[in-house]
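Only the coordinates and a few stated rules stand behind these numbers; no lab work does. Note that the structure is predicted; figures quoted are calculated from it, not measured. Ideal geometry is used to build each Cβ from the backbone, glycine not excepted, and the neighbour counts take in all protein chains shown.
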Amino acid sequence: MERILVTGGGGFIGSHMARYLYQQGNFVRVADIKFDDYIQEEYCNEKLQLDLRKLENCLEATRGIDKVYNFAANMGGIGFITSVFADVMHDNVLINTYMLEASVQNKVKRFLFSSSACVYPNFKQIKPEVEGLKEEDVYPADPNEAYGWEKLFTEEMVKAYQIDRGLDARIPRYHNIYGPEGTYRGGKEKAPAALCRKVAEASNPGTIEIWGDGKATRSYCYIDDCIRGTVALMESDYGKPLNIGSDRLVSVDDLADIIIKISGKKITKTHNLSAPEGVRGRNADLTLVKKVLGWEPHISLEEGLEKDYRWINMMVEKER
Ligand SMILES: NC(=O)c1ccc[n+]([C@@H]2O[C@H](COP(=O)([O-])OP(=O)(O)OC[C@H]3O[C@@H](n4cnc5c(N)ncnc54)[C@H](O)[C@@H]3O)[C@@H](O)[C@H]2O)c1
């Protein structure tokens, strides 16, 4: 049994990770500024409501802890990260700086920083038909928005702590993780959850609005695959950034069509060309992660979206 801290444990990836680690028999402490409480069953031993932009709170959270999964971040989907720059950089630089410092001061044995595909350069993502992004593609740097710059800066800060302070760290770069029990409304939701909600709320027959022209592409990784890959990385001896995602590229229109089919509704799509859509195309190259961890995602987009849609539809029904 290990003593594990999951920050951002009130949010999407953090609460799934906490539940997995708790079910494995570990002592799990979660820390978050707020708790969504979408997970109904008991999923941790201790729940601390803390603002991790403060060093003293990071010290409290990491006291007596062996391993830290640091998921706390002020982030959201494309609508949020393209409209809130200063808060994203300010809050996340503080959270990550103090979480690293507190982890070293409290002699944490291993630290995981949740990075993002947003660190990759814009100039490699300018058309829908893109090559998968390899870990080494990150430089020369030209990350996407303030959020991507903060993630890249923190990757460098983690490296500095590895070299100067002997911190044992792991750095997954997540590519569009989706699944049930995550944010699905309020402005911080991402494309899969937003589309599931729009379809769930639509009448039958009905219409939904797609942001952009629907031709931008992404790859999506189901939360259970993400948790499996992240734990494998944490347990490995690999200290450099590593992609955790899928290499199945689909357009936003394709994504919406899969969800519409799952719903069984007759829905037409309209396109809002003035809404933000982010980079034109982004895919993950999984060559390195397969080699290093022997990991790749197993859950198909159709299977994962079915679970995500059923959960969001249930939440929408409950709200009604
Ligand atoms: N979900 C994805 O597709 C994805 C992709 C790339 C990277 N990531 C990274 O993975 C991590 C988890 O993402 P998620 O999708 O679970 O997001 P999320 O928003 O569901 O979880 C983040 C949690 O951090 C908490 N938080 C924010 N400010 C805080 C503060 N000052 N103190 C304490 N807690 C605070 C939030 O309340 C939230 O519960 C983040 O670092 C994110 O940048 C996620």
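Treating cross-link reach as a plain straight distance, find the lysines whose alpha-carbon is under 20 Å from the alpha-carbon of Lys291, omitting any fewer than eight places away in the same chain.
The reachable lysines, counting only those whose Cα sits under 20 Å from Lys291, are Lys134, Lys240.
Rounded, prolate or oblate: pick one for segment 139-255, where a ≥ b ≥ c are the square roots of the eigenvalues of its C-alpha gyration tensor, a/c under 1.5 means rounded, and failing that, prolate if a/b is larger than b/c, else oblate. Before the final figure, lay out each step's value.
Working: a/c = 2.61, a/b = 2.05, b/c = 1.28.
It comes out prolate by the Cα gyration axes.
For segment 200-277, what is the convex hull (Cα atoms) projected area averaged across all directions, in square nanometres?
Numbers: hull surface 26.9 nm².
Averaging across all directions leaves 6.7 nm² for the Cα convex hull.
From the residues Val199, Val119, Ala216, which one has its Cα farthest along the dipole of the chain in the positive direction, the dipole being from +1 and -1 charges on Cβ of Lys/Arg and Asp/Glu about the Cα centre?
Farthest along the dipole direction, towards plus: Val199.
Return the percentage of antiparallel bridges among DSSP beta bridges fully within segment 163-320, rounded to the nearest 5 %.
On the way: 2 of 15 bridges.
Antiparallel bridges make up about 15 percent of those DSSP assigns within segment 163-320.
How big is the dipole moment of the chain about its Cα centre under a simple scheme where the beta carbon of each Lys and Arg is +1, that of each Asp and Glu is -1, and everything else is neutral? Debye, nearest 20, please. Walk me through the intermediate numbers first.
On the way: 42 positive and 48 negative charges, 31 e Å.
Result for the chain is approximately 140 debye, rounded to the nearest 20.
Reported to two decimal places, what Rg/Rh ratio describes the chain when computed on Cα atoms with Rh from the Kirkwood expression? List each step's numbers first, then the result.
Numbers: Rg = 18.9 Å, Rh = 19.9 Å.
Over the Cα atoms of the chain, Rg/Rh equals 0.95.
What full-extension length gain, to one decimal in nm, is calculated for Glu317 and Asn122 as 0.36 nm per residue of separation minus the Cα-Cα distance? Write out the running numbers ahead of the final one.
Values: separation 195, 0.36 × 195 = 70.20 nm, distance 3.91 nm.
Additional length available on full extension: 66.3 nm.
If we count other beta carbons within 10 Å of each Cβ, what is the order of Phe71, Phe80, fewest first? Provide the component values of the computation, followed by the final result.
Numbers: Phe71 27, Phe80 20.
Fewest to most other Cβ atoms nearby, the residues stand as Phe80, Phe71.
For Cα pairs less than 8 Å apart in space and 6+ apart in sequence, what is the mean separation divided by the residue count of the chain, i.e. the relative contact order in percent?
Numbers: 674 pairs, mean separation 58.7, N = 320.
In percent, rounded to a whole number, it is 18.
Nearest 500 deg cm²/dmol is fine: what mean residue ellipticity at 222 nm does the chain get from its DSSP H runs of n ≥ 4 alone, each adding -39,500 (n - 2.57), divided by its residue count? Walk me through the intermediate numbers first.
On the way: 10 runs with 127 residues, N = 320.
The helix contribution divided over the chain gives -12500 deg cm²/dmol.
How many angstrom lie between the C-alpha centres of segment 273-320 and segment 215-242?
Here the answer is 12 Å between Cα centres.
If a paramagnetic tag sat 7 Å from the Cα of Ser203 along the Cα-Cβ line, which residues of segment 258-288 would have the backbone N under 14 Å from that point?
Answer for this model: 266-268.
Exceeding 32 Å between C-alpha atoms, which entries from my cross-link table qualify? They are Lys159/Lys198; Lys215/Lys290; Lys47/Lys269; Lys54/Lys290.
Details: Lys159/Lys198 41 Å; Lys215/Lys290 29 Å; Lys47/Lys269 42 Å; Lys54/Lys290 37 Å.
With Cα atoms farther than 32 Å apart: Lys159/Lys198; Lys47/Lys269; Lys54/Lys290.
Under 12 Å Cα-Cα from Lys318, which aspartates and glutamates qualify once same-chain neighbours fewer than 8 residues away are excluded?
Glu201
Using packing as a proxy for protection, rank 33-40, 111-118 so that the peptide with the highest average count of other Cβ atoms within 10 Å comes first. If you can, show how the numbers build up before the last one.
Working: 33-40: 13.4, 111-118: 24.2.
Highest mean packing first, the order is 111-118, 33-40.
Please give the charge dipole size of segment 168-320, origin at the Cα centre, charges +1 on K and R Cβ atoms and -1 on D and E Cβ atoms. Round to the nearest 20 debye. Could you put the intermediate results ahead of the total?
Values: 24 positive and 23 negative charges, 61 e Å.
In debye, rounded to 20, segment 168-320 gives about 300.
Where does each of Met234, Met75 land when they are ranked from fewest to most other beta-carbon atoms within 10 angstrom?
Numbers: Met234 20, Met75 23.
Fewest-to-most ranking of Met234, Met75: Met234, Met75.
Hey, if you put +1 on the Cβ of every Lys and Arg and -1 on every Asp and Glu Cβ in segment 223-280, which of Thr230, Thr270, Ser246 ends up farthest toward the positive end of that dipole?
Going by the charge dipole, the pick is Thr270.
Calculate how many DSSP beta bridges within the chain are antiparallel, expressed in % of all such bridges and rounded to the nearest 5.
Details: 2 of 37 bridges.
Around 5 percent antiparallel, to the nearest 5.
For labels at Asp254 and Arg165 in the simple 7 Å Cα→Cβ model, what's the distance in nm?
My value for the distance between the label points is 4.2 nm.
Compute the distance in nm between two label points, each set 7 Å from the Cα along the Cα-to-Cβ direction, one at Glu296 and one at Glu41.
It is 3.0 nm.
Kindly provide the pair-distance distribution of segment 84-142 built from C-alpha pairs, with 10 Å bins from 0 and whole-percent values in order of increasing distance.
18, 34, 32, 14, 2
Assign unit charges at the C-beta atoms only (+1 for Lys and Arg, -1 for Asp and Glu), then state the dipole size of segment 7-75 relative to its Cα centre in Debye, rounded to the nearest 20.
180 debye
Which value in Å does the Kirkwood hydrodynamic radius of segment 21-163 take, with 1/r averaged over all unlike C-alpha pairs and then inverted? Show your work: numbers first, answer last.
Numbers: mean 1/r = 0.0600 Å⁻¹.
It works out to 16.7 Å.
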